[in-house]
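Here the structure comes first, spelled out in structure tokens, and everything after it is commentary.
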Amino acid sequence: MHADLLCCNEACAAHYPITEVIYNCPACGGLLEAHYQGDPGNPWDLTGIWRQRRMSNEPIESSGVWRYRELFPFLDSPAHIVTLREGNTPLLKGARAAEYADLESVTFKHQGFNPTGSFKDNGMTAGASQAMRLGMKRVACVSTGNTSASMAAYASAAGLDPYIFIPNGNIAYGKLAQALEYGAKTFQVDANFDQILALVRVLSEKLGIYLLNSVNPFRIEGQKSIMIEMLDQLDWVVPDWVVLPGGNLGNVSALGKALRELKQWGFIDHLPRIAVVQAAGSSPFYCYMNAPEGAAFVPDTHPETLATAIKIGDPVSWPKAERVIRETNGVVEFATEQEIADAKAIIGACGIGCEPASAATLAGIKKLRARNVITKSDRVVAVLTGNVLKDPDYIYRYHTGQLKAPDDIPIAPNFGNRPVVVANDFDQIAAMLEHGR
Ligand SMILES: *Cc1c(COP(=O)(O)O)cnc(C)c1O
Ligand SMILES: [Zn+2]
């Protein structure tokens, strides 16, 4: 099987060589995706080979993305692969989280275990490898978050120069800190996200810089490995539900493409249902999917949420995401700031932890369970998209009762765990330990 085409996802169905440096269809502006001819081989043989590769010390084999490369063979040579041993993320059971959502059990696929602490690494390893294959020297993205942290790391590891463009006054410091440390040249531009993206598109084209924003179709190919690895870890037994947070909707598009192809190629015989959860203050996809049939997609011009990774008003990948929801008989839910914060503390109390956007999953599961959309005995896998340490400020504020939603409404520390101030006094501390806190 090989890929020599980038196909337009829209009705125009135009196709272009896989080596063409384009991000949207030149004919209609639609999103592009890699298209493969033939099939990858016998599923029984391939799943066996993938298991064996885990024993290898070779970088490409021990990467939890490239181990599965037969399912996204867009490169013409493994020499172009840039890897930091991404993927290999665990499935973790959270008993307290299951109880919280009234489920018999819940499993977390924790993408925060990636090299830069988010699932963006699954995609960035593929995007950076395509940049190498194209002979690019410089890469760029517009982002204040995990995309920039990931791109900076992969570009620097490959000897490419990373350029990051961020909107003025809209900085997530934990993530920006990573980008600076990994050596990205960072430009703070006095404009909003969409204006900067338009500027960077022109710059990239004129100066021959490769764009690694979420429209990049190769990032989507790499992110398919999240679903492939999950099913491998489940011994190819398809769960009832896969739940993930939705921002730009690239991840749900990638996971859905993986499922579609895995079924087409005979790895699975049916699909799990997909649930996407958005933050209440940034939920254009929820609104669209729950509007009457035929209603237009309406971007949110003022998205607001403390879960900055899903604070996206105009998600580029919504048409792909809609297809995935329809194909998997999926649902789209929303969660409030309070619901996200409480769910996050519960995931933390399981000894697992995640960043705010990731916790939207458990908050959404609880609501879908309450409405009996999810049944108590359903096998549910939630994708935790980012590491707990991405946003320590949020955590401290929640546990000390200082966290406020964007509309200034205080968030109650319902599962708060406040540090206790005590005197340097043995008897006093001993007495407190005896009686619990
Ligand atoms: C990017 C990101 C998301 C949103 O993913 P999309 O593909 O934009 O829907 C969610 N959580 C975290 C931690 C992220 O970094
Ligand atoms: Zn097109």
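What's the extension gain from GLU434 to ASP393 if we count 0.36 nm per residue and subtract their Cα-Cα distance?
Difference between extended and current length: 11.7 nm.
Determine the share of the stretch 243-336's accessible area contributed by carbon and sulfur atoms, expressed in whole percent, with a 1.4 angstrom probe.
52 percent
Would you please state which residues of the stretch 407-428 a label at THR400 would reach in this model, taking the label point 7 Å out along Cα→Cβ and a backbone N cut-off of under 13 Å?
Zone members listed by number: 417-421.
Looking at the square roots a ≥ b ≥ c of the eigenvalues of the Cα gyration tensor of the stretch 7-111, which shape do they give, rounded for a/c under 1.5, prolate if a/b is larger than b/c, or oblate?
Note, shape of the stretch 7-111 comes out oblate.
Grab the stretch 113-255 and count how many Lys pairs have their alpha-carbon atoms under 23 Å apart, sequence gap of 8 or more, or different chains.
Here the count comes out as 8.
For GLN52 and TRP236, FRET efficiency with R0 = 22 Å and r from the beta-carbon atoms, rounded to 0.05?
For R0 = 22 Å, the calculated efficiency reads 0.90.
Using a 7 Å offset from Cα along Cα-Cβ at ARG96, what residues in the stretch 414-437 end up with backbone N under 18 Å from the label point?
Answer for this model: 414-420, 436-437.
Give the separation of the Cα centroids, the stretch 99-158 to the stretch 33-94, in Å.
Measuring centre to centre over Cα atoms gives 16 Å.
Just the number please: accessible area per residue for the chain, 1.4 Å probe, all protein chains included, in Å².
Using a 1.4 Å probe on heavy atoms only, each residue of the chain averages 42 Å².
Starting with the highest mean, order 259-269, 315-325, 355-365 by the number of other Cβ atoms within 10 Å, averaged over the residues of each peptide.
Highest to lowest by the protection proxy: 355-365, 315-325, 259-269.
If the rule is a partner Cβ under 4.7 Å, which cysteines in the chain fail it?
CYS7, CYS141, CYS287, CYS350, CYS354
Each residue of the stretch 154-167 in order: what ³J(HN,Hα) in whole Hz does its phi give by Karplus 6.51 cos²θ - 1.76 cosθ + 1.60, θ = phi - 60°, with x for Gly and Pro?
Result, rounded to whole Hz: 5, 5, 5, 4, 8, x, 8, 8, x, 10, 10, 10, 10, x.
Under a 10 Å cutoff between Cα atoms, tell me which one of THR89, THR107, THR301 has the largest fluctuation in the Gaussian network model of the chain.
Judging by the Gaussian network model, the answer is THR301.
Which FRET efficiency value, to the nearest 0.05, do you get for VAL421 and ALA349 by plugging their Cβ-Cβ distance into 1/(1 + (r/R0)^6) with R0 = 30 Å?
It comes out at approximately 0.85.
Just grab the label-to-label distance for GLU70 and ASN88, each label 7 Å out from Cα along the Cβ direction, in nm (one decimal).
Between GLU70 and ASN88, the simple spin-label model gives 2.1 nm.
Summing -39500 (n - 2.57) over the DSSP H runs of n ≥ 4 in the chain and dividing by its residue number, what mean residue ellipticity at 222 nm do you reach, to the nearest 500 deg cm²/dmol?
Counting only the DSSP helices, I get -11500 deg cm²/dmol.
Direction-averaged shadow area of the convex hull around the Cα atoms of the chain, nm²?
23.0 nm²
Could you rank the peptides 215-221, 28-34 by their average count of other C-beta atoms within 10 Å per residue, with the highest value first?
215-221, 28-34
Work out the length of the dipole vector of the stretch 16-148 about its Cα centre, built from +1 on the beta-carbon of each Lys and Arg and -1 on the beta-carbon of each Asp and Glu, and round it to the nearest 20 debye.
Roughly 440 debye, rounded to the nearest 20.
Highest first, please rank the peptides 95-105, 201-211, 382-392 by the mean number of other Cβ atoms sitting within 10 Å of their residues.
382-392, 95-105, 201-211
The stretch 402-433 to the stretch 194-216: how many Å between their Cα centroids?
After rounding, the separation between the Cα centres reads 46 Å.
Ratio of alpha-carbon Rg to the 2.2 N^0.38 Å globular estimate for the stretch 314-437, to two decimals, please.
Normalised Cα radius of gyration, the stretch 314-437: 1.36.
How much of the accessible area of the stretch 1-81, probe 1.4 Å, is carbon plus sulfur, in whole percent?
The value for the stretch 1-81 is 52 percent carbon and sulfur by accessible area.
The values are calculated or read from the model by the stated rules, or taken from the named source; none is laboratory data. It should be emphasised that the depicted structure is a prediction, and the values quoted were computed from it without experimental measurement. A quick note on method: Cβ atoms are made from the backbone with ideal geometry, for glycine too, and the neighbour counts reach across all protein chains shown. The protein model used for the area step is the full one, side chains on, heavy atoms only, and it has no ligands, DNA or RNA in it. Shrake-Rupley method; radii C 1.70, N 1.55, O 1.52, S 1.80 Å.
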